[in-house]
Amino acid sequence: MANEFDDFEDFRENSHLYLDLIKESFQNKEAISNDRFDQIFDQKVRRVSSVHWTPVEVVLSILELLKLDQGSKVLDVGSGAGKFCLVGALNSKAHFFGVEQRQSLVKMANQLAEDFRITNASFIHADALKIDWADYDVIYLFNPYYENIMAAGLRIDLDIKVSHKKYKDYILATMNKLSQLKVGTQIVTYYGFGQGLPDNYKLTTSIVAGLSQIELWTKTSF
Ligand SMILES: C[S@@+](CC[C@H](N)C(=O)[O-])C[C@H]1O[C@@H](n2cnc3c(N)ncnc32)[C@H](O)[C@@H]1O
C-alpha cells in the first residue's frame, strides 16, 4: 500500500522555513489565507479543507470571544489534521487538546506541532465519546459527526464506517457528556453538532462566521 505521507514527508524535509514564516505572520497579526496555511498539510488533507477544517479567520474569531489564558484547557472533539488546535496554539497561550478517530491525522497533527515547535497543542487517537471531557474549560464542536450523514464524495476518506445510527448515537452521547460538565464550562460550536445544547446551558454569544455561525454557550447550573 502506498504511504499516504509520501507527499507530507517531502514537504517536511523543506518545511522549517515555511513554518517559521507562518508563525512570524501570526505574530505580526498579518492575515493568513487558508490556501497559504493549508500548505502545511499533504495534498489529501488540503483537498478537503474547505469542508472539514476550521478556517483560520474563524479560529481567530473564536479566540477573541474566549479570552483564554495560560491555564485554559481547550478540547477539540474530532480534531482532524489539527488545524483548529494548531492555529489556536500559535495565537494563544492556552493548551489545545485534540481527540481524533483517524490515526493518520493524529500522527500528522502531532508531527506538525513538533515541527512548529508548539508545546501547547497535543493530539490523541481515540473515540471522543470514550474519553473524559470533565477536565476542560472549553469544548469545541465543529459539527464533528456530520460525515455519518454526508454524501460519500464529500467525506474526508472512506476509511471510517459511517451510518445514520452512529450519527444519532454520537449526538445522544454528546448531550449526556455536556449535561455532566462543571458549571462555567464553555462550549463553542461552529455549524452546531446536530442538536441544541442541554437546558442548563445559556447562549452567551452568536456571530456570523464563514458560511455559518460561531456560538458560545456557558453551563449555568448542574
Ligand atoms: C468537521 S471535522 C473538524 C476537524 C477539526 N476540529 C477542525 O476544525 O479543523 C470533524 C472531525 O471529527 C472526527 N470525528 C468524528 N467522530 C469522531 C469520534 N467519535 N471520535 C473522534 N473523532 C471523531 C472526524 O474524523 C473529523 O476529522
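The values are calculated or read from the model by the stated rules, or taken from the named source; none is laboratory data. None of these values were measured; they are calculated from a predicted model. Glycine gets a Cβ as well: all are built from the backbone with ideal geometry, and neighbour counts include every protein chain shown. Calculation scope for accessible area: heavy atoms of the full protein, side chains included, ligands and nucleic acids excluded. Shrake-Rupley method; radii C 1.70, N 1.55, O 1.52, S 1.80 Å.
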Q: Just give me the residues in the range 87-111 being touching a Leu at 6+ places or on another chain (Cβ under 8 Å), over 23 Å from Asp35 (Cα atoms) and buried (at least 18 other Cβ atoms within 10 Å of the Cβ), in sequence order.
A: Ala94, Phe97, Val99
Q) Here are some conditions: (1) in a helix (DSSP H, G or I); (2) away from the ligand (no atom under 11 Å from the Cβ); (3) not hydrophobic (A, V, I, L, M, F, W, C). Lys182 meets all but one. Which one does it not meet? A) (1)
Q | Cβ pairs under 6 Å, 6+ apart, first in the range 53-67 and over 17 Å from Thr218 (Cβ atoms) and of a type in the set (Phe, Trp, Tyr), second within 13 Å of the ligand (Cβ to nearest atom) and open to solvent by less than 50 Å² (accessible area, probe 1.4 Å) | A | Trp53/Gly80; Trp53/Lys83
Q: Give the residues of the range 112-157 that are in contact with a Leu (Cβ under 6 Å, 6 or more places away or on another chain) and either open to solvent by 60 Å² or more (accessible area, probe 1.4 Å) or near the ligand (Cβ under 8 Å from one of its atoms) (or both), sorted by residue number.
A: none
Q: Can you run down the residue pairs with Cβ atoms below 6 Å, 6 or more apart or on separate chains, where the first is in the range 152-165 and touching a residue at least 12 places away in the same chain (Cβ under 8 Å) and the partner is surrounded by 10 or more Cβ atoms within 10 Å (Cβ to Cβ) and part of a loop (DSSP other than H, G, I, E, B)?
A: Ile156/Val48
